[in-house]
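Let me begin by presenting the structure, written as structure tokens, before commenting on it.
The values are calculated or read from the model by the stated rules, or taken from the named source; none is laboratory data. If you're wondering where the values come from, they're calculated on a predicted model, not measured in any experiment. Here the Cβ positions follow ideal geometry from the backbone for every residue, glycine too, while neighbour counts run over all protein chains shown.
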Amino acid sequence: MQVAIVLLIIALLILLWQGVTEQAMRVLKERAGSPYDERGPRIAKGATVTIIVLIVAFMASPRKWFEPPPPMVATYTADSLWAGMDTALIDHIGGEREELVRYGRELIRNTAFYLGPQGIIAKQTNGMNCQNCHLDAGTRPWGNNYSAVWSTYPKFRERSGATETVVKRINDCFERSLNGTAIDSTSREMQALLAYMQWLGTGVDTGKKPKGSGLAELKFMDLAADTVHGEAIYTAKCASCHKEDGAGVRASNGLTYQYPPLWGENSYNIGAGLFRLSRFAGYVKNNMPQGVTWESPQLTDEEAWDVAAYVNSRQRPDRDLSADWPNIAGKPVDHPFGPYADSIPEIQHKFGPFGPIAEAKAKAKKK
Ligand code: HEC
Ligand code: HEC
């Protein structure tokens with residue numbers, strides 16, 4: 001840019017100089033009585049004006065036409081937290097892929113607008129947005145982000161007893177967290193979600209999980225989580241937004257939520273990740289009440305576990321889970337429905353304490 005300004009000044013000075021010398025030549029020639037040929041100076045001036053126009057056009061045109069795109073790398077190193085991709089970089093992807101990544105991000109942020117109960121593309125989700133749980137479009141450290149999706153899938157998951165692709169994993173959330181139906185793997189929507197997740201995973205090596213990916217694992221408590229204490233926390237710290245009845249508050253456009261529901265018919269179903277106490281507690285600890293981050297949490301671990309127990313003991317949509325966990329020994333310690341490989345009662349799998357269950361699992365594995 002500075003070079004262009006200097007060139008512009010030089011060109012303007014040349015134009016001025018051409019004007020002055022032309023005037024002087026004309027006067028000299030007229031005085032000498034010889035004819036003055038105007039064509040030469042006119043061509044010279046025309047050339048200078050053309051150059052000036054070109055320089056101004058260059059200065060007024062978008063920079064990205066001339067500058068090489070900035071490198072597409074995530075701002076994270078082995079010991080720093082993954083801080084997401086700089087979304088300003090989407091402008092530099094170019095072509096069809098840029099459109100897809102942009103649309104994928106949009107679908108995460110405004111899922112209900114496209115696919116909710118009044119969705120413009122299809123009507124197949126409960127009105128929540130992916131972003132309600134995958135904060136900042138899936139980029140917030142410990143905010144259930146997508147940093148490790150592209151690097152770790154396809155992977156074997158005990159829940160399905162099979163190797164899951166990213167498509168399958170995304171549809172898990174459609175069917176469970178959004179209590180809806182799977183979307184077609186060839187649809188533009190799925191292609192966009194994949195493109196966005198692949199782009200978010202730029203710079204994360206295959207098999208690696210950056211620090212801050214997904215949800216934090218809170219330490220197990222020695223006691224069972226306490227729904228009575230959880231209710232008190234809920235009333236004091238959550239109900240102002242999510243409401244006493246857990247139904248949340250709809251956005252003014254009626255399409256989605258200003259404060260998403262935590263239970264009831266419009267919430268995630270019993271097969272969703274958040275229905276496991278550890279997932280809920282890990283999410284809430286670092287991200288709720290709205291405004292806190294992992295750097296400034298407000299709830300103690302105990303409060304997070306207890307409020308998780310209260311919320312997940314309320315009514316919510318059902319789901320047939322009979323095909324889940326084909327190998328019962330693979331169930332996580334806090335999967336709330338039997339049968340189990342251990343003899344610990346179902347209620348303890350739901351509310352803890354989880355330490356003894358983890359020990360039983362570890363022992364069984366060793367055998
Ligand atoms: C009600 C909350 C909720 C909503 C809404 C939700 N998810 Fe999820 N999602 C979760 C939880 C919880 C996990 C599991 C996190 C864990 O186990 O650490 C998860 C996991 C995922 C994963 C796997 C992440 C990984 O690293 O393994 C993907 C991909 C995903 N969700 C995509 C989506 C998409 C796309 C949408 C919207 C269509 C969506 N989710 C909506 C709660 C939600
Ligand atoms: C100031 C308002 C506010 C308060 C207080 C608040 N939340 Fe939220 N909560 C939100 C908003 C807004 C979202 C969606 C975030 C987004 O889309 O970026 C959300 C999302 C959630 C989600 C994931 C989405 C869902 O509906 O399942 C859970 C779980 C949750 N909050 C639990 C809690 C708990 C537990 C508390 C109390 C400890 C709490 N929140 C306090 C505003 C609030």
Which residue pairs have Cβ atoms closer than 8 Å, lie 6 or more positions apart in sequence or on different chains, and pair a first residue in the range 1-25 that is assigned by TED's automatic domain parsing to the domain that holds GLY46 with a second residue that is hydroxyl-bearing (Ser, Thr, Tyr) and surrounded by 11 or more Cβ atoms within 10 Å (Cβ to Cβ)? ALA11/THR48; ILE14/THR48; LEU15/THR48; GLN18/THR48; MET25/TYR36
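For the range 19-137, please list each of the helices (runs of 4 or more DSSP H) lying entirely inside it that holds at least 3 residues being in contact with a Cys (Cβ under 9 Å, 6 or more places away or on another chain) and of a type outside the set (Gly, Ala, Ser). First the steps, then the outcome.
Values: elements: 39-60, 95-109, 111-115, 130-133.
It comes to 95-109.
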Does GLU303 qualify as being near ligand 2 (Cβ under 10 Å from one of its atoms) and assigned to a helix (DSSP H, G or I)? yes
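Regarding ASN287, is this residue within 8 Å of ligand 2 (Cβ to nearest atom), polar (S, T, N, Q) and under 30 Å from MET85 (Cβ atoms)?
Working: within 8 Å of ligand 2 (Cβ to nearest atom): yes; polar (S, T, N, Q): yes; under 30 Å from MET85 (Cβ atoms): yes.
Yes: the conditions hold for ASN287.
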If I filter the range 174-191 for residues that are in contact with a Ser or Thr (Cβ under 8 Å, 6 or more places away or on another chain) and closer than 30 Å to ILE344 by Cα, do I get at least one hit? yes
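I need a count of the residues in the range 138-168 that are part of a loop (DSSP other than H, G, I, E, B), in contact with a helix residue (DSSP H, G or I) (Cβ under 9 Å, 6 or more places away or on another chain) and away from ligand 2 (no atom under 16 Å from the Cβ).
7
May I ask you to list the residues in the range 211-248 that are among the small types (Gly, Ala, Ser), part of a loop (DSSP other than H, G, I, E, B) and within 16 Å of ligand 1 (Cβ to nearest atom)? Explain how you work it out, then say what you get.
First, pick out the residues of the range 211-248 that are among the small types (Gly, Ala, Ser): 212-214, 216, 224-225, 230, 232, 236, 239-240, 246-248.
From what is left, the residues that are part of a loop (DSSP other than H, G, I, E, B) are 212-213, 216, 224-225, 246-248.
Once the filter is applied, which keeps residues that are among the small types (Gly, Ala, Ser), part of a loop (DSSP other than H, G, I, E, B) and within 16 Å of ligand 1 (Cβ to nearest atom), the range 211-248 yields GLY212, SER213, ALA216, GLY246, ALA247, GLY248.
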Considering only the range 330-354, state which residues are surrounded by fewer than 14 Cβ atoms within 10 Å (Cβ to Cβ) and more than 23 Å from ASP320 (Cα to Cα). SER343
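ASN286: in contact (Cβ under 8 Å) with a residue 12 or more places away in the chain and of a type in the set (S, T, N, Q), yes or no?
Details: in contact (Cβ under 8 Å) with a residue 12 or more places away in the chain: yes; of a type in the set (S, T, N, Q): yes.
When the stated conditions are applied, ASN286 passes them.
Kindly evaluate GLY84 against the criterion of being surrounded by 13 or more Cβ atoms within 10 Å (Cβ to Cβ), at pLDDT 95 or above and closer than 30 Å to ASN266 by Cβ.
It is false that GLY84 is surrounded by 13 or more Cβ atoms within 10 Å (Cβ to Cβ), at pLDDT 95 or above and closer than 30 Å to ASN266 by Cβ.
Within the group SER278, SER267, which residue is within 11 Å of ligand 1 (Cβ to nearest atom) and outside any loop (DSSP other than H, G, I, E, B)?
Values: SER267 fails: outside any loop (DSSP other than H, G, I, E, B).
Testing whether each residue is within 11 Å of ligand 1 (Cβ to nearest atom) and outside any loop (DSSP other than H, G, I, E, B) leaves just SER278.
For the range 334-364, which positions are assigned to a loop (DSSP other than H, G, I, E, B) and either within 23 Å of THR163 (Cβ to Cβ) or among the small types (Gly, Ala, Ser) (or both)?
Taking the range 334-364 as the starting set, the residues that turn out to be assigned to a loop (DSSP other than H, G, I, E, B) are 334-345, 352-354.
Listed by number, the residues that qualify are HIS335, GLY338, ALA341, SER343, GLY352.
So that you can scan it fast, the table gives a plain yes or no per residue for (1) touching a helix residue (DSSP H, G or I) at 6+ places or on another chain (Cβ under 7 Å); (2) at negative phi; (3) of a type in the set (Val, Ile, Thr):
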| residue | (1), (2), (3) |
| --- | --- |
| GLN18 | yes, yes, no |
| ALA24 | no, yes, no |
| VAL27 | no, yes, yes |
| TYR36 | yes, yes, no |
| ALA47 | no, yes, no |
| ILE51 | yes, yes, yes |
| TRP65 | no, yes, no |
| ALA83 | no, yes, no |
| GLU96 | no, yes, no |
Is there any pair with a first residue in the range 298-316 that is under 16 Å from PRO261 (Cβ atoms) and among the β-branched types (Val, Ile, Thr) and a second that is outside any loop (DSSP other than H, G, I, E, B) and within 10 Å of ligand 2 (Cβ to nearest atom) whose Cβ atoms are under 7 Å apart and which are 6 or more apart or on different chains, and what are they? VAL307/GLY230; VAL307/ILE233; VAL307/TYR234; VAL307/VAL284; VAL311/TYR234; VAL311/PHE280
